[in-house]
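These notes are about the structure you will find just below.
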Amino acid sequence: MGMRKVVTVEARQLFRLDNEVLAFRFTATMSDRAGEAPRERLSDHGRLKLWLGAVGLAVPDVSPAELQDALGLREAIYRAGLAVATAQRPDPGDAAILNRTATTGWPRPALDGNGLAVWHLGKRTPVPDALAVLAADAIHVLGGPERDRIKACEGPGCAGLFLDTSRGANRRWCSMNTCGNRVKKARLANK
């Protein structure tokens, strides 16, 4: 069974889905990390199911234990990414979570009829399979050749992770449409 993205209006309203790195899009389910009141967007199992569907990893249901596993993975990805962004080594415990999660389940990549990449998740373990995809994506970017381009957003309160693919490697915000615009609007208001 191929997994298609199911991006509903609700998913667009609840989640930031614009990060080009899937693992960092997952970490953005906790927003305003550097602000006074970080906002948990995966507040229940239904929201995790909605987010997974929106990124092409649709699952039939999510148990409370699977939600806790997902939140633990998300925070390990974020901490490891922040370490890499600040030229430090990820904590061995976070690396162990990523490594262990990436090897659980049996997700399989495939090309669909349109030649687009999709993930096939197992019928018995769809959520662990989806988490394995997220962990493997994190490992690929955190340990890959572009790891020096991983940054934390400089937008007020954000600190979201992103891969700076700009020519001069001088990007400062996770998204120009959100954090970049906020900074520019604030500058104009102060003039």
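Dipole size in debye (nearest 20) for region 10-110 around its Cα centre, Lys and Arg Cβ +1, Asp and Glu Cβ -1?
Its charge dipole is roughly 200 debye.
With the chain treated as a Gaussian network of Cα nodes joined by springs under 10 Å, which of Ala54, Ala159, Ala65 yields the largest mean-square fluctuation?
Ala65
At 0.36 nm per residue, and after removing the present C-alpha to C-alpha distance, how many nm does the segment from Thr104 to His140 gain when stretched out fully? Intermediate values should be presented prior to the final figure.
Working: separation 36, 0.36 × 36 = 12.96 nm, distance 1.62 nm.
Separation in residues times 0.36 nm, less the Cα-Cα distance, equals 11.3 nm.
What residue among Leu163, Gly143, Leu111 has its Cα farthest toward the positive end of the dipole of region 68-191, where the charges are +1 on Lys, Arg and -1 on Asp, Glu, each on the Cβ?
Of Leu163, Gly143, Leu111, it is Leu163.
I'd like the distance separating the alpha-carbon centroids of region 65-97 and region 110-134, in whole Å.
22 Å
Per the 1.4 Å probe, what fraction of the accessible area of the chain, in percent, lies on carbon and sulfur atoms?
Ligands and nucleic acids excluded, carbon and sulfur reach 54 percent.
Give the calculated FRET efficiency between Gln68 and Ala96 to the nearest 0.05, with a Förster radius of 22 Å applied to their Cβ-Cβ distance.
Computed FRET efficiency for Gln68 and Ala96: 0.85.
How much area per residue is accessible in the chain when the probe is 1.4 Å and only protein heavy atoms are counted (Å²)?
That works out to 56 Å² for each residue.
Starting from the 7 Å offset along Cα-to-Cβ, what nm value, one decimal, do you get for the label separation of Leu17 and Arg39?
1.7 nm
Among Ala96, Ala83, Pro38, whose Cα projects farthest towards the positive end of the dipole of region 28-146, with charges put on the beta-carbon of Lys, Arg (+1) and Asp, Glu (-1)?
About the Cα centre, the residue reaching furthest to the positive side is Ala96.
Just the number, please: Stokes-Einstein D of region 61-191 in µm²/s, Kirkwood Rh from C-alpha pairs, 4 °C, 1.567 mPa s.
The diffusion coefficient I find is 78 µm²/s.
Could you give the length gained by full extension between Ala87 and Glu154, i.e. 0.36 nm per residue of separation minus their alpha carbon distance, to one decimal place?
22.5 nm
Find the relative contact order for the chain and round it to a whole percent, using C-alpha pairs within less than 8 Å whose residues are 6+ positions apart.
Averaging sequence separation for qualifying contacts and normalising by length gives 24 percent for the chain.
Taking a spot 7 Å from the Cα of Ala117 along the direction of its beta carbon, which residues of region 33-66 have an amide N less than 16 Å from it?
The answer is 55-58.
The values are calculated or read from the model by the stated rules, or taken from the named source; none is laboratory data. Every value quoted in this text rests on a predicted model; they were computed, and no experiment measured them. Please note: Cβ atoms are built from the backbone with ideal geometry, for glycine as well, and neighbour counts cover all protein chains shown. Ligands, DNA and RNA are excluded from the accessible area calculation, which covers all protein heavy atoms including side chains. Shrake-Rupley method; radii C 1.70, N 1.55, O 1.52, S 1.80 Å.
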